[in-house]
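Here the structure comes first, spelled out in C-alpha cells, and everything after it is commentary.
Any read-out appearing in this document is the output of simple, stated calculations on the displayed coordinates, not a laboratory observation. It should be emphasised that the depicted structure is a prediction, and the values quoted were computed from it without experimental measurement. Note that we place each Cβ from the backbone using ideal geometry, even for glycine, and neighbour counts take in every protein chain shown.
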Amino acid sequence: MAHFAGESVLQANPLDLLEELVSAHDWAFDRHSDSELLAEVSGRWCGYHLYCVWQEHAHCMFFSCHFDARVPEDKRHLVYELLAQVNEKLWIGHFDLVAEDGAPLFRHTLPLRGVAGTSVEQLEDLVDAAISECERFYPALQFVVWGGQAVDQALAAAGMETVGCA
C-alpha cells in the first residue's frame, strides 16, 4: 500500500474514551495495558464480556462481546449454520465461535486510519449494536444447543428474521 506525504494523523487511543463510557455505565472493567480493555456487562439472558484491543500500528480497534456460554462440540456444526444465517442480516460485525472452547461471540474491527480518533457516539453505537445483537441471538442459540431445534425453527421461535432457505 502506498503512503503519501501528509497522510499521517496523530491517533488518539480509542480505549481511553471507551473506558469513560464503560465507567459511566458502572460496568466492571479492567485495563491491562494502554492497548487492552475488558469489561463485564449483565444482559437479559446472560453475562457478556467486552474485550477491546487497540493496535496503534494498524490504526484499528478490535472489539468483541463474548457470551457467558459454551457450545458443546457435537452441536457446533448446527451453530455454524445458525451463525451463517444470522450473519447475513448484520450490518456491522459478525458472530463467531472461539475454536478452542466453543464460546460464541460478536466481533467487529473498527478501522481508524486517517482520523484523529473515535467519537463517543461511535463507541456507544458499537457497544449498543453488539449487546442488542447478542440479546437477539441468544434465544436462537439456546433453542439449537439445548432445545434440540432445527436452525430454521430456532430462528422462527426466537423471532429472528432470516433470508433464504437453509
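Tabulated results
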{"item": "Label-to-label distance, nm, for residues given as ARG107 and CYS46 (7 Å Cα→Cβ offset)", "result": "1.7"}
{"item": "ALA103 long-range amide H proximity, modeled H, under 5 Å", "result": "VAL71, VAL98"}
{"item": "Cα convex hull of region 48-166 - mean projected area over all directions, nm²", "result": "8.0"}
{"item": "In degrees, nearest ten, helix 76-87 long axis to first principal axis of the chain (Cα)", "result": "60"}
{"item": "Span from the region 14-50 Cα centroid across to the region 58-72 one, whole angstrom", "result": "12"}
{"item": "In Hz, Karplus ³J(HN,Hα) per residue of region 37-47 (6.51, -1.76, 1.60; θ = phi - 60°; x = Gly, Pro)", "result": "9, 10, 9, 10, 10, 8, x, 5, 9, 6, x"}
{"item": "Among 139-145, 43-49, the order from most to least packed when residues are scored by Cβ within 10 Å on average", "result": "139-145, 43-49"}
{"item": "For region 13-21, Karplus couplings with θ = phi - 60° (6.51, -1.76, 1.60), whole Hz, Gly/Pro x", "result": "6, x, 5, 5, 6, 5, 4, 5, 5"}
{"item": "Rounded to whole Hz, the Karplus (6.51, -1.76, 1.60) HN-Hα couplings of region 24-33, x for glycine and proline", "result": "4, 8, 6, 7, 5, 8, 9, 10, 5, 7"}
{"item": "Label-point gap, in nm, between HIS77 and GLU19 - each point 7 angstrom along Cα→Cβ", "result": "4.7"}
